[in-house]
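A short write-up of the structure that comes next.
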Amino acid sequence: MPLTIGHNTEKPFGTILRSRVPRLGGGLGSITEIDLTINRRYSFAGERRSYVSAACRAPAGLPGGVFPFARARFRFESHRLISPEPLRRSCHVRRG
């Protein structure tokens, strides 16, 4: 399924991936699992980075923090909306 990449600067999740699921099996089929892997690696200023790399914005004096990493929303043909809790990840401050 192709994804459309968009941006939202007003919410904590700035990059938005959207897709429409085609009707499966004449409307009788269903999706039972979704697996999305984002794995783009590149170099910037001599450092290896990835598409989901970011700074750890822990407050001064703390070695790291926990932050919301990704959120999903699913809207069905019946207009039912499912919004699971955001996926949370931790980060550690890198000392120079």
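The values are calculated or read from the model by the stated rules, or taken from the named source; none is laboratory data. All of these numbers come straight from a predicted model, not from anything done at the bench. Note that each Cβ is placed from the backbone with ideal geometry, even for glycine, and that neighbours are counted across all protein chains shown.
For the range 6-17, name all the residues that are over 11 Å from the mean Cα position of the chain (by Cα) and at pLDDT 80 or above.
G6, H7
Looking at the range 18-57, which of the residues that are small (G, A, S), surrounded by 10 or more Cβ atoms within 10 Å (Cβ to Cβ) and within 22 Å of F74 (Cα to Cα) is modelled with the highest pLDDT? Can you show your working first?
Step one: of the range 18-57, the residues small (G, A, S) are 19, 25-27, 29-30, 43, 45-46, 50, 53-55.
Then drop every residue that is not surrounded by 10 or more Cβ atoms within 10 Å (Cβ to Cβ), which leaves 19, 29, 50, 53-54.
Remaining after also requiring within 22 Å of F74 (Cα to Cα): 19, 29.
Values: S19: 83, G29: 74.
Filtering the range 18-57 for residues that are small (G, A, S), surrounded by 10 or more Cβ atoms within 10 Å (Cβ to Cβ) and within 22 Å of F74 (Cα to Cα), the one modelled with the highest pLDDT comes out as S19.
I'd like the full set of residues that are surrounded by 10 or more Cβ atoms within 10 Å (Cβ to Cβ) and of a type in the set (F, W, Y), limited to the range 58-96.
Correct list: F67, F69, F74.
When you look at F69, is it more than 30 Å from H92 (Cα to Cα), touching a strand residue (DSSP E or B) at 6+ places or on another chain (Cβ under 6 Å) and not basic (K, R), yes or no? It would help to see each step written out before you state the result.
Details: more than 30 Å from H92 (Cα to Cα): no; touching a strand residue (DSSP E or B) at 6+ places or on another chain (Cβ under 6 Å): yes; not basic (K, R): yes.
No, not satisfied.
Residue by residue through the range 2-51, note down the ones that are on the phi > 0 side of the Ramachandran plot and either of a type in the set (D, E) or assigned to a loop (DSSP other than H, G, I, E, B) (or both). Let's see the steps before the verdict.
Step one: list which residues in the range 2-51 are on the phi > 0 side of the Ramachandran plot, which gives 25-27, 45-46.
Across the range 2-51, the qualifying residues are A45, G46.
Only residues that are touching a Ser or Thr at 6+ places or on another chain (Cβ under 9 Å) and surrounded by 10 or more Cβ atoms within 10 Å (Cβ to Cβ): list them for the range 1-17, please.
Initially, the range 1-17 is screened for residues touching a Ser or Thr at 6+ places or on another chain (Cβ under 9 Å), giving 1-8, 16-17.
Correct list: L3, G6, N8, I16, L17.
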